[in-house]
Amino acid sequence: SAKVGLLRLAILAFAGLACALTQPTAAHMSAPPKATLTAPADLPAERPETPPTATHSPAPQKCIVNTAHLHLRQNPGIEAPIVGYLAEGDLLTLGNLPPAGNWQNVITPTGKTGWVHTHFIHCETERINHP
């Protein structure tokens, strides 16, 4: 009958309108926004171009011979072979080795290395052990 046909047409029209409202449009189908990552506020955003430079190392510590004649020895101790002789006022540089008891590793102005007893030198550092 005509009422049933009209009712079906109304239902179809309503269903079509409902589908049109729920279907995505071209505006909805555009690419999603790109995600961007940002560094936290407490971290730098970029790495530095150049690596950090090493800090300046302090000048070598100097010592002065305070006795008329001093033996420069190959190793710490009075039994060690003598490798050189030093005189009062000779300027020495502390060597790279740590003190051994009352013996200090030193370098002469000519570049010779050896050991001297700390009683016979005066240094501008507290690195040596005085008796």
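The values are calculated or read from the model by the stated rules, or taken from the named source; none is laboratory data. Note that this is a predicted model, so its numbers are computed, not measured. As a convention, Cβ positions derive from the backbone with ideal geometry for all residues, glycine included, and neighbour counts pool all protein chains shown.
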Worksheet item: Of the residues that sit in segment 47-92 and are more than 18 Å from residue 110 (Cβ to Cβ) and hydrophobic (A, V, I, L, M, F, W, C), which one is modelled with the lowest pLDDT?
Response: 54
Worksheet item: Inside segment 61-71, can you point out the residues that are assigned to a loop (DSSP other than H, G, I, E, B) and free of Cβ contacts under 8 Å to residues at least 40 places away in the same chain?
Response: 68
Discussion item. I need every pair where a residue in segment 72-83 that is farther than 16 Å from residue 120 by Cα has its Cβ under 6 Å from the Cβ of a residue that is of a type in the set (Asp, Glu) and part of a loop (DSSP other than H, G, I, E, B), sequence separation at least 6 or different chains.
Written reply: none
Worksheet, complete the sentence: Residues of segment 84-97 being more than 15 Å from residue 120 (Cβ to Cβ) and in contact (Cβ under 8 Å) with a residue 24 or more places away in the chain, in sequence order, are 93
